[in-house]
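Q: One structure is given below, represented as structure tokens, and several questions about it will come after.
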Amino acid sequence: MYQIKNESDYIKSYKASVEDPKLFWEEIAENNFTWQRKWEHVLNFDFSKPEFKWFEGAQLNITENCIDRHLNDRGDKTAILFEPNNSEEKEEHITYKELHVRVCKFANVLKDQGIKKGDRVCIYLPMIPDLAIATLACARIGAIHSVVFAGFSSSSLAARVNDAACKMVITSDGSFRGNKCIDLKSIVDEALDSCPCVERVLVAKRTHTDVAMKVSRDIWLQPLLDAAVAVCPIEIMDAEDPLFILYTSGSTGKPKGMVHTSAGYMVNTAYTFKNVFQYEEDDVYWCTADIGWITGHSYIVYGPLLNGATTLMFEGVPSYPDWGRFWEIVQKHRVNQFYTAPTAIRAMAKEDLSHVTKYDLSSLKLLGTVGEPINEEAWRWYHKNIGDEKCPVVDTWWQTETGSIMIAPIPTAVKPVPTFATLPLPGIQPVLVNADGEPIEADKTEGNLCIRFPWPSIARTIWGDHQRYKDTYFSKFENCYFTGDGAIRNEKGYYRITGRVDDIILVSGHNLGTAPIEDCINEHPLIAESAIVGFPDDIKGNALYGFLTVKSPVNSGEEKELHHQVNQLIRDKIGPIAKLDKIQFCSGLPKTRSGKIMRRILRKIASKDAENLGDTSTLLNPEVVEQIRDNAL
Ligand code: WT7
């Protein structure tokens, strides 16, 4: 049941998973993991609460499954293969045995510093081995990790630290990204000025730059690790004990701390890793994401290690020292499975092909993509130039909230089709519903993508706000999980994800809510109102277009200055990823009679699709639409 080797395996598994989901997941759980105690119930759930309990009564520790149980058979196999930012610096091979020691030592350091089961620990680190090790060390002692992507600004970091009331932050002196050296520690210092909950900051050394250490709060990590005991027993976790919190943008208000729990997340990420990537024992697998996102949690750390895989961790960026870096790494380490995002593919496709052809990519067996819809051109470029038309391109659809891949062609069973994520994985029951929430059963159809039966790695709640969890995912449509995406289903039942149906914009595959950006801009003393929409961008998928109104008229020189200040504000409050590519100053924003900004119209104008703006008769101020259209950038 575990590995799907052909089409008939897939058909059988899928059928079994729908007919008796409990039995299906129970067999997988039973045969592939180490449990300290078995479950009493495979699944209890109630969509109306909403509540999902998988493997209730079971006890386990995910790190025993990721590390300890491989020590006999794979002790000397490389678990983590670290490739530094600087191609001249030597790579690091961390075997399962070494990983065991390093995680145990780190776990003991956490304990010595007063961290206990259930405490929240924020990890704000670059893509260095300490990031994966810190994450696993938390899991080993039952502390709840909250990894924050180290590209986030100090105020974004502070908001996340405070939301989960983290007791500790783990960071480094600095980080290397391409030719940049970023001063992470000072970002942390600034954030922590407004985080009274943090008692301790552990600081790893990476850039060896001088940093200020706050007495009685900050400690260098390495001396503590050197002195720590190399054995640390696992904390016994209940199946539904939280494993981690990971923040994702909401369409309104503050980020949502999605909570994932231990047993279900483990079973689901392991199963999907094995099947989607068809990992075989001696393969080298590489996912280029950052561990600060769910892709890194599930498919750099947990999924691969649960399968005893070799997982490559890359510190740098695809363009440094030049646009051939990814392929140089593939050649150097004979990478077999490669998993990246459409935005990276599009950026590389723009560059000279010699960056690709220079390298021997014959080790590749499979190419994956994730994060946003992949356009056909990018898909074909990837398939042809990277995969030599021999590797399946596996388009994987899923979300921070789903924990694991949901819809993707299992390459041994389903032939990929460009722009389609194709078929649901076993255990996943997608449904398209119309605006009234009625399932659309038709052969060829389009609708809101929902999932009508729970799967083991569904996020259980939003940290500290169960009501918001219910409102966001389970209230618009009854008795199912609403993804926020729209999708088309073709005559073969293949799904094509068309994009978000809410006010979330995917920029380079990163989820950005429009409301938090607008709130941030509106803090500027000269700005009256703002509306952010996405518009197509060749590389990023979408870029941000801001329509702004000012409190009192400004001249064009002042507009320029304001433009700069607005982006600086966004950079400081949210992070550089949310900067606006275009800013248009307007005399007013199109509004409905109830005062709601008509984003639909602004989206069309921003996308240069303003010929037919649809019905504007309900507008309070139709005259501004023409003005905005005439001055569009
Ligand atoms: C949103 C979730 C899951 C890891 C990365 C993003 C979009 C994701 C695909 C895909 C079309 C995709 C969806 C989804 N998305 N993968 N293969 N095809 N769209 O995680 O930040 O939680 O974003 O990304 O819109 O809802 P996330």
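The values are calculated or read from the model by the stated rules, or taken from the named source; none is laboratory data. Quantities reported herein were computed from a predicted structural model and do not represent experimental measurements. Cβ: placed from backbone, ideal geometry, glycine included. Neighbour counts: every protein chain shown. Side chains included, ligands, DNA and RNA excluded: accessible areas come from the protein's heavy atoms. Shrake-Rupley method; radii C 1.70, N 1.55, O 1.52, S 1.80 Å.
Q: For segment 303-344, which residues satisfy the criterion of being away from the ligand (no atom under 16 Å from the Cβ), among the aromatic types (F, W, Y) and closer than 16 Å to C391 by Cβ?
A: F326, W327
Q: Residues being more than 14 Å from the ligand (Cβ to nearest atom) and either under 18 Å from the mean Cα position of the chain (by Cα) or within 16 Å of V335 (Cα to Cα) (or both): count how many of those fall in segment 275-300.
A: Looking only at that region, the number is 10.
Q: While we're looking at this one, here's another question. When the residues of segment 257-293 are filtered to those that are open to solvent by 10 Å² or more (accessible area, probe 1.4 Å) and either in a helix (DSSP H, G or I) or polar (S, T, N, Q) (or both), which remaining residue is nearest to N31 (Cα to Cα)?
A: In this case the residue turns out to be K274.
Q: Determine whether segment 48-63 contains at least one residue that is assigned to a helix (DSSP H, G or I) and either basic (K, R) or open to solvent by 20 Å² or more (accessible area, probe 1.4 Å) (or both).
A: No - not one qualifying residue is present in segment 48-63.
Q: Residues in segment 102-114 that are over 23 Å from T78 (Cα atoms) and open to solvent by less than 10 Å² (accessible area, probe 1.4 Å): how many?
A: 2
Q: Something else about it: Report, by residue number, each residue of segment 235-251 that is outside any strand (DSSP E or B) and either closer than 22 Å to P21 by Cβ or within 16 Å of the ligand (Cβ to nearest atom) (or both).
A: Within segment 235-251, A239, E240, S249, G250, S251 qualify.
Q: Tell me, which strands (runs of 3 or more DSSP E) wholly within segment 367-478 include 2 or more residues that are open to solvent by 20 Å² or more (accessible area, probe 1.4 Å) and over 16 Å from P342 (Cα atoms)?
A: The qualifying strands (runs of 3 or more DSSP E) are 445-451.
Q: Now for a different question. Check segment 199-206 and report whether any residue there is closer than 23 Å to K111 by Cα, within 16 Å of the ligand (Cβ to nearest atom) and either modelled with pLDDT of 95 or more or of a type in the set (A, V, I, L, M, F, W, C) (or both).
A: The answer is no; no qualifying residue exists.
Q: From K254, K358, which residue is open to solvent by 10 Å² or more (accessible area, probe 1.4 Å), touching a residue at least 12 places away in the same chain (Cβ under 8 Å) and more than 28 Å from S156 (Cα to Cα)?
A: Answer to the selection: K358.
Q: Any chance segment 410-420 includes a residue that's touching a Cys at 6+ places or on another chain (Cβ under 9 Å), modelled with pLDDT of 95 or more and aromatic (F, W, Y)?
A: No, segment 410-420 contains no residue that is touching a Cys at 6+ places or on another chain (Cβ under 9 Å), modelled with pLDDT of 95 or more and aromatic (F, W, Y).
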